[in-house]
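The values are calculated or read from the model by the stated rules, or taken from the named source; none is laboratory data. All figures in this text were calculated on a predicted structure; none of them were measured in a lab. Cβ coordinates were reconstructed from backbone atoms using ideal geometry, including for glycine residues, and neighbour counts include every protein chain displayed. SASA here: full protein model, heavy atoms, side chains in, ligands and nucleic acids out. Shrake-Rupley method; radii C 1.70, N 1.55, O 1.52, S 1.80 Å.
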Amino acid sequence: MAATDEGDGDEAFVSGPLLVDGVLEDRRYQRRLADAALEGHTLVCLPTGLGKTTVSLLVTAERLAGEVINKSLLLAPTKPLVTQHAEFYRAALEVPDDEIVVYTGETRPDDRAELWQSARVVVATPEVVENDLVGSRIDLSDVVHCTFDECHRATGDYAYTYIAERYHEQARDPLVTGMSASPGDDEESILTVCANLGIDSVEVMTENDADVAEYTHDTSVDYERIELPETVVEIRDALQDVIRDRLTKLKELGVTNKTAPDVSEREIQRIQGKLRELMDNDQSEGYQGMSFLAEIRKLRTAVTYAETQSVESLRRYLDRQQEAARTSGASKADQRMVSEPEVREAIRRAEDYDDLHPKFRRTRMLLAQQLGIEGGERVIVFTESRDTAETLTDFLGEHFETRKFVGQSDTDGSDGMTQNEQQETLDAFRAGEFEVLVSTSVAEEGLDVPEVDLVLFYEPVPTAIRAIQRKGRTGRQTEGAVTVLMAEDTRDEAYFWKAKRDQKQMRNELRSLKSVAEKIEAAIGSEQAAVDAFDESGSERDDSGGSESDNSSGDEGQRSDGSNGGDSDTTTGTAAASGGAEGDGNDGVPPETEGETEKDSQLSGEHKQASGERSETGADGQAGLDAFARSSATDDPGTGSDSAPETGEDAGGDTTGDDAGGDTTGDDASGDTGSDDAKEAVEDEAGTTPVPSADGDDEVEVVVDQRELDSSIAKDLSRRDGIQTRLETLAVGDYVLSDRVVVERKTVSDFLDTLTGGDERSMFEQLKDASRNYARPVVVVEGGDLYGERNVHPNAIRGALASLAVDFGASVLRTDDESETAELLRVVATREQEDADRTVSVHGEKSSKTLAEQQEYVVAAVAEVGPVTAQSLLDELGSVEAVMTADVETLKEADGVGDVTAERIREVVASDYDS
């Protein structure tokens, strides 16, 4: 691999292809790990602060060296971490700075496509790469090294799993390196990460390794028990009484035998599973019980605030619950909870309580001792809650130079920090401009936070991974100290013991991984069907061992990284996925703690089955959707552009002159749509959006609204052979399937929100726009019991469905879940573009058009002749005015215009308006 050169004095540096001399300190363990990672898809486990990024950089330099121009991709979960890695790569690699690019959602989509083409090293947040893969803006064929930093996140629906799947499919010569100080709490979770990333070997270094020991320092860990004041205990007990009552009701439904308010999360999940079974059997007890369970989750969150955070944080949370209960679309659980006498009493007591949580005073004392008496310089205080972070920053700011560090997403009553603000705060902390950094967990992972004298956990964290990440902020150059505050007889203690047990288990697992690598590799090969064919996509690597992932994304988009817009503040391991019609999915640590729900990875091949050829009849003998695709795609004459084409007349539209619409800049899970000038589609050299022609040989295109990325539908479609997805910010609809078909997707909950006033924009307004711009609007209502989920009169639902069909001419279709919706979209798009020979055209877009495009748009809208015929008419007659005033015979002189079309144009232009 790389040689070493002596620097000035005794210090040695690494040298080699593409490496800047005198930058990388020579550490034998890093070179050994890099050599191993060059041999195949590798998980690199190394304690925090010991240079995992250097290992990845050494591999990248080796892979990029040579005559062939290739790319390297480094993925990191937050924008500050991306910026940090890019700066390191620019300093250490002999690659022009402009070829090492930062690739985040703050970069306009069309600029990202251009950056991707010119870059040799791309450092990116995973959400933006995932979105650009879904939107067909980029491909990974030239990427010869892909690094997944903090790879323990590669579970469930996190973007890493989808990117790894596509990387192994697309890359000609793939090589994956996963990096983490804490890859998983147990062997199963480590194997899941390996399976999801297509990794076939594991390399582990611990502090006990001789090569590593000289670079590590001891870190002392102290635990301080805090006694709760009597008033706080009374508030907690009142809330727990309500939890006990709701559990008793669930016991009466036969789904649990537990009534103690400290019921475990495992039991909550078990109850949820039983209630789902009842719901699947259409039993009303299931819906009733799920409402009680949602209430229990909210109350458990309130208890956690009271016990472990502060009464002020509890007040803020309960205020938000009261506000939610006042909205017209409030669930029964919300309304019932805030009207409960015990809850109202807890609210009153909280409002009257004017003291601080005892953790506040203890934090101040510990900081005074460290910074004053012991002469320390820097302290980091970690807390789960954004509310607590803000309150604690204000409190400590009266005594020390203190700043907060939180994620980028805005929450109720709290503004996030921009990327620039985050970077400025870290730079100031490094420069010693202030002493105390109060952070949510966004600073846990990988950030080059300077060496600190004390890391203080305001509360224990429930997972070994996060405990290890936090502790890694100290003890790098000198001995460090960690103090963990625990409220007595509360969930703090349960989390403390769980994390302690998990850390011990993780250390044992890592030692086991280190000693039985062959066993682990065998386990990887046997357990993960998701990666056993990865390299069949064209890779010629003999040593890869990687395979094709069948990991099917689940239901929610991440917007994870704790809400991610760069915010990785997490409550991993404490939040359960909501299962109820009214469930909020939170448990334990409050949802406002910037948490991400930890989901089990589900390795599934369903998307392959869905994308394959289907017979006309299913296993049950019923005709499938594809059977109808063979029917004639033309309609009766006289119905606009849907009429049967005359000889020489174009039957469908073309998007040659149509603008492709917009796009967003906020791809990093923030959900922001960005400014109007960022809403541009990726355009070809002629300035028009490339779309496939409907000749049956090209891919079928589905245009997806950017805001639909919260579901798994777009990713599901992008995996399917013969389907090309394109992302835009659509002014009309959620999916465009042809020049005449637009789809508005509504979950059952969304649909009912419209009827109860909970939807910001009425579904009927959306359908009015859709029907104005498309001849065949479709409404897909997705999910469970439309008539039983809410207390909405059935006739109101029937009236809404009737109005959609009769007043707006929309087809209303039902699907059970996102997977079925994706399949329905595929079938309709295929029928439109291949069988009916129609093209995709985005109408009603917000982006500006050229004069020619506006003229084509106006003519195309007349009698729905379509853009191809519009171009022909304008080419022949010269102007919109000439088209509008021409007689039938003159109109027929244009190519593709016959009697029917010419007469239809004259009818629309000359007829009196009748409203």
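Tabulated results
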{"read-out": "Test: residue in the range 290-303 that is charged (D, E, K, R), open to solvent by 10 Å² or more (accessible area, probe 1.4 Å) and under 25 Å from Val461 (Cβ atoms)", "value": "yes"}
{"read-out": "Verdict on Asp262 being assigned to a helix (DSSP H, G or I) and open to solvent by 50 Å² or more (accessible area, probe 1.4 Å)", "value": "no"}
{"read-out": "Residues that are open to solvent by less than 20 Å² (accessible area, probe 1.4 Å) and over 15 Å from Leu115 (Cβ atoms), drawn from the range 57-80", "value": "Leu57, Leu58, Val59, Thr60, Ala61, Leu64, Leu75, Ala76, Pro77, Thr78, Lys79, Pro80"}
{"read-out": "Evaluation of Arg831 against (1) open to solvent by 60 Å² or more (accessible area, probe 1.4 Å); (2) not in a helix (DSSP H, G or I) (one fails), failing number", "value": "(2)"}
{"read-out": "Criterion (over 24 Å from Gly40 (Cα atoms), among the basic types (Lys, Arg) and open to solvent by 10 Å² or more (accessible area, probe 1.4 Å)) met by exactly one of Arg112, Arg90", "value": "Arg90"}
{"read-out": "Residue, farthest from Ser291 (Cα to Cα), within the range 337-352, restricted to residues that are open to solvent by 60 Å² or more (accessible area, probe 1.4 Å) and in contact with a helix residue (DSSP H, G or I) (Cβ under 6 Å, 6 or more places away or on another chain)", "value": "Arg349"}
{"read-out": "Leu786 vs. criteria more than 30 Å from Ala861 (Cα to Cα) and either of a type outside the set (A, V, I, L, M, F, W, C) or touching a residue at least 24 places away in the same chain (Cβ under 8 Å) (or both)", "value": "yes"}
{"read-out": "Filter result for the condition that a residue is in contact with an Asp or Glu (Cβ under 8 Å, 6 or more places away or on another chain) and open to solvent by 20 Å² or more (accessible area, probe 1.4 Å), over Thr48, Thr53, Thr83, Thr42", "value": "Thr53"}
{"read-out": "Among residues of the range 312-328, those that are open to solvent by less than 20 Å² (accessible area, probe 1.4 Å) and either small (Gly, Ala, Ser) or over 21 Å from Leu293 (Cα atoms) (or both), counted", "value": "2"}
{"read-out": "Any hit, the range 191-210, residues being open to solvent by 10 Å² or more (accessible area, probe 1.4 Å) and under 23 Å from the mean Cα position of the chain (by Cα)", "value": "yes"}
{"read-out": "Tally, over the range 227-241, of residues that are in contact with a Lys or Arg (Cβ under 7 Å, 6 or more places away or on another chain) and buried (at least 20 other Cβ atoms within 10 Å of the Cβ)", "value": "1"}
{"read-out": "Condition met for Ala822 (crowded, with 20+ Cβ neighbours inside 10 Å and under 23 Å from Thr725 (Cα atoms))", "value": "yes"}
{"read-out": "Of residues in the range 834-853 being at pLDDT 85 or above and either of a type in the set (Phe, Trp, Tyr) or in a helix (DSSP H, G or I) (or both), the one least open to solvent (accessible area, probe 1.4 Å)", "value": "Ala852"}
{"read-out": "Some residue of the range 761-769 being under 27 Å from the mean Cα position of the chain (by Cα), more than 30 Å from Arg719 (Cα to Cα) and not in a helix (DSSP H, G or I)", "value": "yes"}
{"read-out": "Top-ranked residue of the range 885-912 - restricted to ones that are closer than 21 Å to Ala775 by Cβ and under 49 Å from the mean Cα position of the chain (by Cα), ranked as most open to solvent (accessible area, probe 1.4 Å)", "value": "Val908"}
{"read-out": "Residues within the range 168-182 that are touching a helix residue (DSSP H, G or I) at 6+ places or on another chain (Cβ under 7 Å) and crowded, with 24+ Cβ neighbours inside 10 Å, tallied", "value": "9"}
{"read-out": "Residue pairs meeting the criteria (Cβ under 8 Å; at least 6 apart or on separate chains; first over 18 Å from Ala481 (Cβ atoms) and in contact (Cβ under 8 Å) with a residue 60 or more places away in the chain, in the range 221-235; second of a type in the set (Phe, Trp, Tyr) and open to solvent by less than 70 Å² (accessible area, probe 1.4 Å))", "value": "Thr231/Tyr353; Val232/Tyr353; Ile235/Tyr353"}
{"read-out": "Number of positions in the range 10-35 that are in a helix (DSSP H, G or I) and over 11 Å from Leu58 (Cβ atoms)", "value": "2"}
{"read-out": "Segments classed as helices (runs of 4 or more DSSP H), wholly inside the range 862-915, with at least 1 members that are basic (Lys, Arg)", "value": "899-910"}
{"read-out": "Qualifying residue in the range 870-878 (condition: open to solvent by 60 Å² or more (accessible area, probe 1.4 Å), at pLDDT 85 or above and closer than 24 Å to Arg726 by Cα)", "value": "no"}
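For (1) assigned to a strand (DSSP E or B); (2) surrounded by fewer than 23 Cβ atoms within 10 Å (Cβ to Cβ), each residue gets a yes or a no:
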site: Asp716; (1), (2): no, no
site: Pro777; (1), (2): yes, no
site: Asp785; (1), (2): no, yes
site: Arg798; (1), (2): no, yes
site: Ala805; (1), (2): no, yes
site: Phe808; (1), (2): no, yes
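Quick grid of which residues meet (1) open to solvent by 10 Å² or more (accessible area, probe 1.4 Å); (2) closer than 30 Å to Glu94 by Cα:
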{"site": "Pro126", "(1), (2)": "no, yes"}
{"site": "Asp132", "(1), (2)": "no, yes"}
{"site": "Asp142", "(1), (2)": "yes, yes"}
{"site": "Thr147", "(1), (2)": "no, yes"}
{"site": "Cys151", "(1), (2)": "no, yes"}
{"site": "Gly156", "(1), (2)": "no, no"}
{"site": "Arg166", "(1), (2)": "yes, yes"}
